[in-house]
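Heads up: the structure comes next, in structure tokens.
The values are calculated or read from the model by the stated rules, or taken from the named source; none is laboratory data. All values derive from a computational prediction rather than experimental measurement. Virtual Cβ from ideal backbone geometry, glycine too; neighbours counted across all protein chains shown.
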Amino acid sequence: MMTLKQEDPQIASLIDEEAERQEYGIELIASENYTSKAVMEAMGSVLTNKYSEGTVGKRYYGGNEVIDKIEQLAIDRCKQLFGCEHVNVQALSGSPANAAVYLAVLKLGDKVLGLKLDHGGHLSHGHPVNFSGMLYNFVQYEVEKETGRIDMDKVREVALREKPKMILAGFSAYSRNLDWKRFKEIADEVGAITMADISHIAGLIAGKVIDSPVPYFDIVTTTTHKTLRGPRGAIIMCKEKFAKQIDKGLFPGMQGGPHDHINAAKAVAFGEALKPEFHVYAQNVIKNAQAMAAELMKRGYKIISDGTDNHLMVVDLTSKGLSGKEAERALDKVGISTSASTIPFDTRKPFDPSGLRIGTPAITTRGFNEADSVYVADVIDRTIQARNDDVRLKAIRQEIIELCKKHPLYKK
Ligand code: DSN
């Protein structure tokens with residue numbers, strides 16, 4: 001058989017181009033990371049050829065004796081990593097995982113509490129343009145204007161008033177730890193199911209540097225490709241009493257055939273996260289984020305909630321006189337990838353919001369330390385100031401290339 005280069009030189013060369021971009025660029029998108037070569041090898045394997053609807057030992061297709069062993073390994077490692085009672089590793093991505101949970105435990109129109117998108121939540125946590133907001137009756141809680149933090153007494157007030165069937169805790173742009181125990185107490189008070197979406201922080205939980213909802217919550221979903229550093233995909237963990245419902249919600253409720261090559265790569269990633277080095281990695285992700293946030297604040301940038309407990313921060317650029325999109329574009333020019341983000345109570349439109357979300361999972365994977373993170377904050381500041389000066393931006397681009405050469409990624 002032909003190699004990719006022989007079969008399709010155009011795609012092969014574009015992949016090379018993207019590899020160069022990743023190698024010589026600084027990745028600060030809070031939801032991105034770099035997987036190991038081992039994870040990629042599993043993803044690019046013959047396992048992509050297989051169909052295996054069903055669960056281990058109960059498949060709708062023949063020839064699954066090897067796939068069963070692989071999926072069981074993924075399950076066992078995941079249970080060891082997160083201490084969950086049951087896990088389904090077949091979810092294709094975060095939103096389908098959440099959809100499968102809703103399908104499994106809710107009826108159409110049921111009421112759910114979730115964090116508002118522009119306050120740090122996620123589209124699939126009840127935004128009106130998303131299936132979640134269209135099919136279910138989501139009531140949203142918010143962060144406080146003064147502190148940028150979730151006030152649990154207010155969450156309790158909303159829960160007592162609304163009496164939801166389920167309470168959902170989780171975020172894609174919130175930099176503070178969640179009080180899982182308090183969420184559970186409130187849910188118990190109103191008789192609600194508890195669901196956590198830990199997509200952003202799963203690696204920090206697996207690395208045992210922040211608290212886990214798994215001991216308290218009924219259901220916990222996560223993507224596997226963010227801080228957890230695995231392949232693009234998701235998993236659903238739950239208490240044993242929800243196991244059957246969740247499995248049925250995912251297949252046949254939501255999905256057809258699982259992606260066995262991805263499930264193998266999930267097993268590899270869980271194996272990596274079980275190693276002691278991953279604990280150090282998770283610690284460093286937070287140290288780097290805190291160093292970067294402190295430096296940006298020193299330079300007059302407003303960080304929502306005035307700092308971070310995790311891997312990310314949302315910078316309010318209003319006082320700097322530019323929008324999140326303008327900052328994102330300027331940083332792109334020097335080879336720094338970020339994502340424009342709404343801020344709580346944003347007066348600007350979601351496509352050109354007031355904030356910029358920044359995260360440290362990827363730079364930490366390539367070995368950046370706190371001093372490097374302070375330097376990156378300095379570069380961000382200088383780039384924003386020089387955003388209309390192409391000569392200065394070009395010089396900064398060279399600095400970035402030198403910094404990346406100091407911390408090679410896949411060219412090691
Ligand atoms: N796109 C992910 C993020 O950036 O947080 C969430 O789906």
| Just one of GLN80, GLN22 is more than 30 Å from ALA377 (Cβ to Cβ), at pLDDT 95 or above and within 24 Å of the chain's Cα centre (by Cα); which is it? | GLN80
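Given the residues ALA173, ALA202, which is the only one that is buried (at least 19 other Cβ atoms within 10 Å of the Cβ), within 16 Å of the ligand (Cβ to nearest atom), among the hydrophobic types (A, V, I, L, M, F, W, C) and within 14 Å of GLY121 (Cβ to Cβ)? Before you say what the answer is, go through the steps one by one.
Details: ALA202 fails: within 14 Å of GLY121 (Cβ to Cβ).
Going through ALA173, ALA202 in turn, just one is buried (at least 19 other Cβ atoms within 10 Å of the Cβ), within 16 Å of the ligand (Cβ to nearest atom), among the hydrophobic types (A, V, I, L, M, F, W, C) and within 14 Å of GLY121 (Cβ to Cβ): ALA173.
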| request: For segment 147-167, indicate whether the set of residues that are surrounded by 20 or more Cβ atoms within 10 Å (Cβ to Cβ), under 23 Å from the mean Cα position of the chain (by Cα) and either under 26 Å from VAL89 (Cβ atoms) or polar (S, T, N, Q) (or both) is non-empty. | output: yes
| task | Scan ALA243, ALA293, ALA265, ALA269 and give me the residue that is within 29 Å of GLY355 (Cβ to Cβ) and aliphatic (A, V, I, L, M). | result | ALA293
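Of GLU185, GLU142, which residue is modelled with pLDDT of 95 or more, more than 18 Å from PRO361 (Cβ to Cβ), out of contact with any helix residue (DSSP H, G or I) (no Cβ under 7 Å at 6 or more places or on another chain) and surrounded by fewer than 24 Cβ atoms within 10 Å (Cβ to Cβ)?
GLU185
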| task | Could you grab me the full set of residues in segment 154-185 that are under 23 Å from LEU108 (Cα atoms) and of a type in the set (Asp, Glu)? | result | GLU162
| request: Output the number of residues of segment 1-44 satisfying the condition of being within 16 Å of the ligand (Cβ to nearest atom), in contact with a Gly (Cβ under 8 Å, 6 or more places away or on another chain) and either aliphatic (A, V, I, L, M) or more than 19 Å from SER93 (Cα to Cα) (or both). | output: 3
| message | I'm checking my understanding of the structure. Among residues of segment 205-236 that are within 14 Å of the ligand (Cβ to nearest atom) and of a type in the set (Lys, Arg), which one is nearest to GLU162 (Cα to Cα)? | response | LYS226
